[in-house]
C-alpha cells in the first residue's frame, strides 16, 4: 500500500519503505522508522520535531517574548498550542502533569512549560511561577479542561488572571482578535 499519511502508516504497517525522490531512504519496522531524526530527514524538516507518541510533526516554537499563558490538560490545550504557533504568538503553558498528553505538544511549541510530577499535587512554587508569567503577559487562555484534585491550581490561575484584569480567552475564535 502506498500512503502519504505517516500516522496511518505507523499504525497499520508491519514494515515500511520510505521513498524520497527516486531512492529508498529508509526501510524497517514502524518502531525503527518513526523516530524524530528519520522523519526530519525524510521531509527535510530543519526546525520542528516528530512526535512519535502522537504520530505528528510539530513545528518550532514561535520566537519572541511570551505574550500569553495557557492552562490546559487532557488534550484540551493541544488545539490552542497549535493555533498560537501558527499565528506566531509565543506562549507559556502550564501547570501540566509531566505525563499529560498536552505536554507532548506543549514541550516543542511553548516558550515556557511548567510541569508538576505525574499524579502529584502542584507546588506553591509552581503556582507562584505561573502567576509571575501571567503578570507579564497580555492575555490568558482557559482551554476548558475539567478541574480535579491534581490540576485545581489551574482554576486558581484563571481566577488570578481575571482578578488582575487580564483578558481570559476561552475559544479558538477569540485568538484572531489578539493578533
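The values are calculated or read from the model by the stated rules, or taken from the named source; none is laboratory data. Predicted model only: the values in this text are computed from it and were never measured. Cβ coordinates were reconstructed from backbone atoms using ideal geometry, including for glycine residues, and neighbour counts include every protein chain displayed.
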(request) With the checklist (1) at positive phi; (2) in a strand (DSSP E or B) in hand, flag the one item residue 140 doesn't pass. (result) (1)
(message) Anything in the range 55-77 that is touching a residue at least 60 places away in the same chain (Cβ under 8 Å), under 13 Å from the mean Cα position of the chain (by Cα) and not in a loop (DSSP other than H, G, I, E, B)? List them, or say none.
(response) 69, 70, 71
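If I filter the range 43-54 for residues that are more than 25 Å from residue 10 (Cα to Cα), touching a residue at least 40 places away in the same chain (Cβ under 8 Å) and not in a helix (DSSP H, G or I), do I get at least one hit?
Checked against the condition, which is being more than 25 Å from residue 10 (Cα to Cα), touching a residue at least 40 places away in the same chain (Cβ under 8 Å) and not in a helix (DSSP H, G or I), the range 43-54 yields no hits at all.
Is it fair to say residue 140 is touching a helix residue (DSSP H, G or I) at 6+ places or on another chain (Cβ under 6 Å), in contact (Cβ under 8 Å) with a residue 40 or more places away in the chain and under 12 Å from residue 70 (Cα atoms)?
Yes, satisfied.
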(request) Could you please find all residues in the range 5-57 being farther than 22 Å from residue 106 by Cα and crowded, with 16+ Cβ neighbours inside 10 Å? (result) 9, 10, 16, 18, 26, 30, 33, 42
(message) Out of the residues in the range 143-179 meeting the condition of being part of a loop (DSSP other than H, G, I, E, B), in contact (Cβ under 8 Å) with a residue 24 or more places away in the chain and closer than 18 Å to residue 132 by Cβ, tell me which one is farthest from the chain's Cα centre (by Cα).
(response) 164
(request) Can you work out which of the residues in the range 137-164 that are out of contact with any strand residue (DSSP E or B) (no Cβ under 9 Å at 6 or more places or on another chain) and over 20 Å from residue 116 (Cβ atoms) is surrounded by the fewest Cβ atoms within 10 Å (Cβ to Cβ)? (result) 163
(request) Could you tell me whether residue 2 is under 30 Å from residue 155 (Cα atoms) and surrounded by fewer than 19 Cβ atoms within 10 Å (Cβ to Cβ)? (result) no
(message) Suppose we filter 111, 94, 117 for residues that are at pLDDT 95 or above and either more than 15 Å from residue 155 (Cα to Cα) or buried (at least 20 other Cβ atoms within 10 Å of the Cβ) (or both); which single one remains?
(response) 111
